[in-house]
């Protein structure tokens, strides 16, 4: 058995096989210094039919040479049909790590991260991400990078043989008509803070959400990301 003494003299806690004695723990977020913690939720525009295989609908590129981006959570909030029905088939959205990202991507909407945007506390610094983009009407241009051979997270589903305009697939199951639907999305990545490692991005690394959808349909998606920016991890 070991004994720990806290900041208060003679305030002891047993560790090991001993009679239960409370150990008061106050968990805190990852220290960030002059940097910060951030969260963003965004929607695409209406994406036209015929997006190429593994088209990027959201990506985030880290370019700082000395700091790190610590990604805690990436979520697919919505995937729904809009004005033209899909053909029957399978869809999937994956979360992929991009390395050696030497030439930036393009297209879509570049998020505004300067000033007071998306910090979880006003006193935090503006985000240092080189660019975070979301699609408008087509896939983003990927830039020059090496995508990991396997994805680190994904969600899969199907469009039935009688698809309907307005069908909602994430959050599922598919619902149409006037009844509506709500609920949480699908986590592509979410770490358990007690035991699992987050995604840690160094210079010229990043993440991308890539999609494959059945033919003919026009659609929208929405995603979210939570992260911290730190000097060491």
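Matching residues to (1) in a loop (DSSP other than H, G, I, E, B); (2) surrounded by fewer than 19 Cβ atoms within 10 Å (Cβ to Cβ):
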residue	(1), (2)
83	yes, yes
95	no, no
99	no, yes
136	yes, yes
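Can you name every residue in segment 40-73 that is surrounded by fewer than 23 Cβ atoms within 10 Å (Cβ to Cβ), under 12 Å from the mean Cα position of the chain (by Cα) and either at pLDDT below 95 or within 30 Å of residue 216 (Cβ to Cβ) (or both)?
Of everything in segment 40-73, those that are surrounded by fewer than 23 Cβ atoms within 10 Å (Cβ to Cβ), under 12 Å from the mean Cα position of the chain (by Cα) and either at pLDDT below 95 or within 30 Å of residue 216 (Cβ to Cβ) (or both) turn out to be 41, 42.
Somewhere in segment 15-25, is a residue part of a strand (DSSP E or B), modelled with pLDDT under 95 and surrounded by fewer than 19 Cβ atoms within 10 Å (Cβ to Cβ)?
yes
Considering every residue within segment 190-208, establish whether at least one is under 13 Å from residue 93 (Cβ atoms), crowded, with 19+ Cβ neighbours inside 10 Å, in contact with a strand residue (DSSP E or B) (Cβ under 6 Å, 6 or more places away or on another chain) and modelled with pLDDT of 95 or more.
So far as segment 190-208 goes, yes, one or more of its residues are under 13 Å from residue 93 (Cβ atoms), crowded, with 19+ Cβ neighbours inside 10 Å, in contact with a strand residue (DSSP E or B) (Cβ under 6 Å, 6 or more places away or on another chain) and modelled with pLDDT of 95 or more.
The values are calculated or read from the model by the stated rules, or taken from the named source; none is laboratory data. Here the structure is a predicted model, which is why all the values come from computation and not from measurement. Cβ: placed from backbone, ideal geometry, glycine included. Neighbour counts: every protein chain shown.
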